[in-house]
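Below: the structure, in structure tokens.
The values are calculated or read from the model by the stated rules, or taken from the named source; none is laboratory data. On a predicted model such as this, the values are computed, not experimentally measured, just so you know. Glycine gets a Cβ as well: all are built from the backbone with ideal geometry, and neighbour counts include every protein chain shown.
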Amino acid sequence: MKRKDFPKKFEWGIASSAYQTEGAWNIDEKGPSIWDTFTNAKNFTEGNGNTATDFYHSYKEDILKIKDLNLSSFRFSISWSRIFPDGIGAPNPKGVAFYHAVIATCLEHKITPWVTLYHWDLPQKLEEKGGWTNREILHWFAHYVEFCSLEYGDKVKNWMVLNEPMSYVGLGYFLGEHAPGKTGLQNFLPAAHHTVLCQAIGGKILRKNNKNACIGTTFSCSQVTPKNILRRNLNAAKRLDALLNRFFIEPALGLGYPTESLPGLKKIEKYFKPGDEELMQFDFDFIGIQYYFRIVAHYSLFPPILFAKEIPATKRNVKTNTMGMEIYHKGLYKMLKKFSKYKGVKNIYITEAGTCLEDSLKNGTINDKERIKYFKKNFKQVLKAIDKGIKVKGYFIWTLVDNFEWAEGTKPRFGIIHNDFKTQERRFKRSALWFQKFLSKD
Ligand code: BGC
């Protein structure tokens, strides 16, 4: 496989996020985020992101590595509480300066910055007022986006409003496995609805302030396969698909929530205010899809509302990564096809895809052959999609350096560069060297 097999303008990038990399959690007047609170709590056992990969201090070297790998784009997120320590109010000049420095370094090396406004690290001060469950977040978020778009808009063209709403609303406000650790439908439904509104509000503000901006938002997705063709299993898969793949994009496209497939979530309408159907919509220039695994589902009495359960990949005798996710490349093509069918979807970027493996160090190198295979197989699916006329415009590798993997701590290693978390020493894995060659233009 060669770079030349892809269209000339195909965007090759790498993705990361603020909490997983920056560290510097309490310096230079940064305010705490819900992830600082969550991981520093006594009952959290997987370490914390207080230092992470220390990107706050090593951004220059890391961006140089991106250049060295022949990648042309860098997707990173802004930490809301670094800019606004209390979530609202006056901006923190040191936080504002940090992102100017990151952007300037990218531009200096001809790396295009792609900025995500929200990758899960809500300011703690806002969570204390209810966070995503409080409708006031429409104003808090608008204030934050207004500021960022005016401050950085002359240097940044490509924006993503949210990172994977389903993940942070589902894991953080329903299952309690992620920050802020809330559970139940009474939290999930308002958090989901306010997220959908902010998704569109963010897009509209960026459009108003940045006429030439290319505006998107990102969605997690999973191919959902029924266990067999029994009707009850087919229907269970349909419900899971509506929740995992359709719930956050369809309202933006003017299709409303997919409650005809998920009647149990009709209660979300309780949180509607007049005009919300209109407010939820935004004409995005692109959508980002982030694909890691597929799901095999069957009917189950629990949980009620969904009446569906996943059969864990580890129980299905299939290939998995170190987080127990099934490695299933064909699902990437299926998802590209599925999302491209929406009339309102113009362009698609794969804004994240990668995998975590046992990366053992032997004779000073990490020979992650499996990761190279993983990417090659994914790229085949992308080429197939392009061949069928699907407008896939780029691929952002997840991720540059092994980082802090949320509730799993530093165990899962997704990077193409190995990180020693004690010394912050970076070491190119074999996959990084492969990319360097694959992307080289000579
Ligand atoms: C998230 C990343 C995360 C990755 C791997 C995505 O859902 O956006 O922050 O590290 O998956 O689990």
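Details
- Thr116 crowded, with 24+ Cβ neighbours inside 10 Å and at pLDDT 95 or above: yes
Table: residues versus (1) crowded, with 17+ Cβ neighbours inside 10 Å; (2) of a type outside the set (S, T, N, Q).
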| residue | (1), (2) |
| --- | --- |
| Met1 | no, yes |
| Phe6 | yes, yes |
| Ala15 | yes, yes |
| Asp28 | no, yes |
| Trp35 | yes, yes |
| Ser73 | yes, no |
| Phe76 | yes, yes |
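- Count of segment 203-228 residues which are surrounded by fewer than 21 Cβ atoms within 10 Å (Cβ to Cβ), farther than 20 Å from Leu117 by Cα and touching a helix residue (DSSP H, G or I) at 6+ places or on another chain (Cβ under 6 Å): 1
- Qualifying residue in segment 182-202 (condition: under 28 Å from Trp114 (Cα atoms), within 16 Å of the ligand (Cβ to nearest atom) and hydrophobic (A, V, I, L, M, F, W, C)): no
- Matching entry among Thr351, Thr355 (being in contact with a helix residue (DSSP H, G or I) (Cβ under 9 Å, 6 or more places away or on another chain) and within 16 Å of the ligand (Cβ to nearest atom)): Thr355
- Test result for Gly394, within 16 Å of the ligand (Cβ to nearest atom), under 18 Å from Met1 (Cβ atoms) and crowded, with 21+ Cβ neighbours inside 10 Å: no
- Members of segment 399-442 found to be of a type in the set (Asp, Glu), touching a strand residue (DSSP E or B) at 6+ places or on another chain (Cβ under 9 Å) and surrounded by fewer than 20 Cβ atoms within 10 Å (Cβ to Cβ), listed by number: Asp420, Glu425
- The criterion of at least 1 residues that are more than 16 Å from the ligand (Cβ to nearest atom) and in contact (Cβ under 8 Å) with a residue 40 or more places away in the chain is met, among helices (runs of 4 or more DSSP H) falling completely within segment 1-110, by 34-39, 55-68, 80-83, 93-108.
- Within segment 217-248, considering residues that are within 14 Å of the ligand (Cβ to nearest atom) and in a strand (DSSP E or B), the one farthest from Gln199 (Cα to Cα): Cys221
- Scope segment 289-309; condition closer than 20 Å to Arg231 by Cβ and within 16 Å of the ligand (Cβ to nearest atom); matching residues: Ile295
- Test: residue in segment 178-194 that is surrounded by fewer than 21 Cβ atoms within 10 Å (Cβ to Cβ), touching a residue at least 40 places away in the same chain (Cβ under 8 Å) and of a type in the set (Gly, Ala, Ser): yes
- Failed condition for Lys129, given (1) in contact (Cβ under 8 Å) with a residue 60 or more places away in the chain; (2) more than 16 Å from the ligand (Cβ to nearest atom); (3) out of contact with any helix residue (DSSP H, G or I) (no Cβ under 6 Å at 6 or more places or on another chain); (4) within 23 Å of Val196 (Cβ to Cβ): (1)
- For segment 353-390, taking the residues that are at pLDDT below 95 and small (Gly, Ala, Ser), the one that is surrounded by the fewest Cβ atoms within 10 Å (Cβ to Cβ) is identified as Gly364.
- Annotation: of all residues in segment 344-373 being hydroxyl-bearing (Ser, Thr, Tyr) and under 19 Å from the mean Cα position of the chain (by Cα), the one that is nearest to Lys9 (Cα to Cα) is Tyr349.
- Annotation note: Cβ proximity below 6 Å between a residue of segment 391-412 that is under 15 Å from Glu352 (Cβ atoms) and modelled with pLDDT of 95 or more and a residue that is of a type in the set (Phe, Trp, Tyr) and within 12 Å of the ligand (Cβ to nearest atom) (sequence gap 6+ or interchain) occurs for Trp398/Phe414; Thr399/Phe414.
- The helices (runs of 4 or more DSSP H) found wholly in segment 120-206 and carrying at least 2 residues that are closer than 18 Å to Phe247 by Cβ occupy 165-173.
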